[in-house]
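Throughout, read-outs are computed from the coordinates displayed, never taken from laboratory work. All values reported here derive from a predicted model rather than from experimental measurement. Backbone-built Cβ (ideal geometry, glycine too); neighbour counts: all protein chains shown.
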Amino acid sequence: MWLRISATIKKEYLTLTRDKAGITLLFFMPLILIVLMALIQDAPFRDYQELKFDVLLVDNDQAKVSQQLLTGLTNTKKFSIHTKYKEKLINDALAKKLVNEGKFQFAISIPKGSTAQVQNNANKIVAKLLSSLGMPSDTSAFKESHGLHIDIIFDPTAKSAFKIAINNAMEKLVAGIETDLVLSAMSEQLGTGTGDQQMAFNQIKSIEVKEVAAYDQSNGLTLLTNSVQHNVPAWTIFAMFFIVIPLGGALLKEREDGSLTRLKIMPGSYTLLLMGKVLFYVGVCFIQFVLMMLVGVFAMPLFGLPALQLGHEYFALAVIAISIAFAATSYGILIGTIFKTPSQSLTFGSVSVVLLSAIGGIWVPMYVMPLMMQKIGAYSPLYWGLNGINDLFLRHEGLLFIFPQIAKLLGFSAICIFVAQWIEKKSFQ
Amino acid sequence: MPAVSIHSLCKTYKDAVEPSLNSISLEIPRATIFGFLGPNGAGKTTTLSILCGLVKATSGSAKILGKDVSKELKEIKKCIGMVPQDIALFPSLTGQENLTYFGNLYGLKGKVLENKIEHYLDTFGLTNNAHKRVSQYSGGMKRRINLIAGILHDPQLLILDEPTVGVDVQSRKMISDFLKSYNKANGITILYTSHMLDEAEKLCDEVAIIDHGKIVTQGAPQALIAQQENCHSLEALFIQLTGRSVRDH
């Protein structure tokens, strides 16, 4: 039995190593793919983390609110504020024009009288508060609100997620300014306008929001949210599934040149020959996986990206990688069996892998997809693989935790081989 | 016991209007070279495919060396060697590597396999090209390697589907001479299909001509030629029995 399997592995090895185009497709193209995808997809990650945006500020207020907003935006270190363009002071019309032309991603326009209105509201709040406590307050100067609002003008191509992030940041800044003014007004009304008492008011801070890990960080595990950590595993799985192209093609070639007929006539089980083929290509996929992980760890920093963190569960990582390799290889066997010409197999194989990856969360995270797509995507073997690796890399779980993903991948592999065998048997009868 | 015994064998493929085999019966004596001849689409390949277990018969029975094809295929596969019409080799492997692979699949290994390969490469004049890739071989060289791959395990019945198609005269002569001596020296039964009727006439002890899924005649070539009026060759006999119309199956 082993002689038939080992002979097939050796034959496949010799065939592959003499096919330079095949080697390039299997090993070098995926490496280029993961580096490129990590670099490209690094930008959206940096949108909200490290990137600095050029922002136009139209200051029609020229008072406390606009100054504090400017200070607040500058302090975030995410924005480079421009109030002039080519030495010309920016007004609303120019801001809209420049943003619409794509020269700036967004502009903020602070209306005239913003400070006065915010101050007025703050005084009104404080007066009502003091009045309700039975304390004297001066409410004579209150004016009606004019419904002023700060305008944010976005580049028409800006993504919704980006707009939401900017809107939230602005809301937070404005709320902070309003709170500061309320506290200042209260300080004035209570007659604590100077000295330690005023400082005490100014030091009142609302509760801060801080991101913490969902897992125990005592053993040095850290939160990993960067493009490398998400993209390298995702595109590695995608590339591994592209084994269906050379494998399906090789099977069809054997069918076309008559070798398959000879192999089927020979004594012994054809399943053993298929097993040898599967084992060889599983080995190829595993080597692909290892190479791509090494690129993630060692080559990504050379491109200015963070290094891939593999976690601590190396054995579990090897098991999930082998499971993905089995699923990909078996799928290739099925494709090579179902279709009768290389062009059919090539087209269906590549398109189906792209589709399975799209619904499986390789391109965009599953949670942003419509509910129905999420339900369908949960049946993609690429999703099971990615979930398993994310469990190890990002959730820092172990083998037991990812067992359901491993079982699904191996189950998928067994079904593919079974169906391929059944079709093969049927076609010869 | 005959090498091959076929009784009322029928085969109708799915969606086919007419049967490919229409109740054929045939006996091939042991240690003979048997020519199975017929125009394109006559049913030759279907018959061979049933004998090798690649296709299931619709009805009837076929036995090889006394073993039923439908029940004892595993045992039969050990006793037969098949040389398909296609060059069923791996072009990126060398001749030696191809033969080693097929030898391994027959369960042969080590020195035994090495010696066999060396012997056959020498017999077929391929020793000097053993380490060249098959893709670099000429048509004749590929045919010879294709043949060796079918006899490495010393089969008792060798089935050849047009083994000399598309080769030069020298290679054809070499293959014919080998088959004759292989049959005589080892008592191997050879079942052979070909459109080279002059070659079949010289090579075969017995022939059967099949047309439209039915055996139209069977016997020793010279006896069949003698029985038919105005007939001086197997080709003339073949034309008389199967007609002159071109078969585009």
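Computed from point charges on the beta carbon alone (+1 for Lys and Arg, -1 for Asp and Glu), the dipole magnitude for chain A about its Cα centre is near 1640 Debye. Could you tell me which of rounded, prolate or oblate describes chain B, using a ≥ b ≥ c as the square roots of the eigenvalues of the alpha-carbon gyration tensor, with rounded for a/c under 1.5 and, failing that, prolate when a/b is larger than b/c and oblate otherwise? Since a/c reaches 1.5 and a/b is larger than b/c, the shape of chain B is classed as prolate. Put +1 on the Cβ of each Lys and Arg and -1 on the Cβ of each Asp and Glu in the stretch B:4-242; which of B:Tyr106, B:Leu147, B:Leu73 then has its Cα farthest toward the positive end of the dipole? Positive-most Cα among the choices belongs to B:Tyr106. Could you calculate the FRET efficiency of A:Glu171 with A:Lys52 from 1/(1 + (r/R0)^6), where r is the beta carbon distance between them and R0 is 25 Å, rounded to 0.05? It comes out at approximately 0.75. Sorting A:Trp2, A:Trp235, A:Trp363 by the number of Cβ atoms found within 10 Å of their own Cβ, with the fewest placed first, yields A:Trp2, A:Trp363, A:Trp235.
The calculated FRET efficiency for A:Tyr367 paired with A:His312, based on their beta-carbon distance and R0 = 25 Å, is about 0.45. Which of A:Gln105, A:Leu334, A:Trp363 sits farthest toward the positive end of the charge dipole of chain A, with +1 on the Cβ of Lys and Arg and -1 on the Cβ of Asp and Glu? So the residue we want is A:Leu334. Determine the relative contact order of chain B: mean sequence separation of Cα pairs under 8 Å and six or more apart, normalised by residue count, in whole percent. In percent, rounded to a whole number, it is 27. Note on B:88-96: average number of Cβ atoms from other chains within 10 Å of each residue's Cβ is 5.
For chain A, what is the relative contact order in percent, using Cα pairs closer than 8 Å and at least 6 residues apart in sequence?
Relative CO of chain A lands at 18 percent.
Summarising the amide proton neighbourhood of B:Thr94: residues at separation of 5 or more, or on other chains, whose placed amide H is nearer than 5 Å comprise B:Val134. Over chain A, DSSP H runs of length four or greater, each weighted -39,500 (n - 2.57), average out per residue to a 222 nm ellipticity of -20500 deg cm²/dmol.
Quick one: among A:Val278, A:Val290, A:Val244, which has the greatest mean-square fluctuation in a GNM of chain A with alpha-carbon springs under 10 angstrom? Taking springs between Cα atoms under 10 Å, the residue moving most is A:Val290.
Given the stretch A:247-315, what whole percent of its Cα pairs are spread farther than 21 Å? Of the Cα pairs, 50 percent sit more than 21 Å apart.
Placing +1 at every Lys and Arg Cβ and -1 at every Asp and Glu Cβ, with all other atoms neutral, what dipole size does the stretch B:182-249 have around its Cα centre, in debye to the nearest 20?
With only Lys, Arg, Asp and Glu charged at Cβ, the dipole is about 120 debye.
Only helical runs count toward this figure. For chain B, summing -39,500 (n - 2.57) over DSSP H runs of n ≥ 4 and dividing by all residues gives -11500 deg cm²/dmol at 222 nm. Along the charge dipole of chain A, which of A:Ala169, A:Thr15, A:Leu36 sits closest to the positive end, that is, farthest toward it, with unit charges on the beta carbon of Lys, Arg, Asp and Glu (+1, +1, -1, -1)? Highest projection toward the positive end goes to A:Thr15. From least to most packed, judged by other beta carbons within 10 angstrom and beginning with the fewest, A:Tyr314, A:Tyr281, B:Tyr101 follow the order A:Tyr314, B:Tyr101, A:Tyr281. Calculate the FRET efficiency for A:Lys88 and A:Phe348 from the Cβ-Cβ distance with a Förster distance of 56 Å, rounded to the nearest 0.05. The pair A:Lys88/A:Phe348 has a calculated efficiency of 0.45. Among complete DSSP H helices in chain A, those whose alpha-carbon atoms stretch at least 30 Å along the helix's long axis and whose mean Kyte-Doolittle hydropathy reaches -0.5 are A:160-189, A:270-294, A:314-338, A:399-428.
With q set to 0.08, 0.10 Å⁻¹, the log10 of I(q)/I(0) for chain A, from the Debye formula over equal scatterers at the Cα positions, is -0.65, -0.83. The 3J(HN,Hα) values that the Karplus relation (6.51, -1.76, 1.60; θ = phi - 60°) gives for the stretch B:60-76 are, in residue order, x, 9, 9, 10, 10, 6, x, 9, 6, 4, 6, 10, 10, 4, 4, 5, 4 Hz. Gly and Pro appear as x. Relative to the compact-globule estimate of 2.2 N^0.38 Å, the Cα radius of gyration of the stretch A:286-344 comes out at 1.55.
For the listed residue pairs A:Lys11/B:Lys63; A:Lys112/A:Lys172; A:Lys78/A:Lys159; A:Lys64/A:Lys103; A:Lys11/B:Lys11, the alpha carbons are over 26 angstrom apart in A:Lys11/B:Lys63; A:Lys64/A:Lys103; A:Lys11/B:Lys11.
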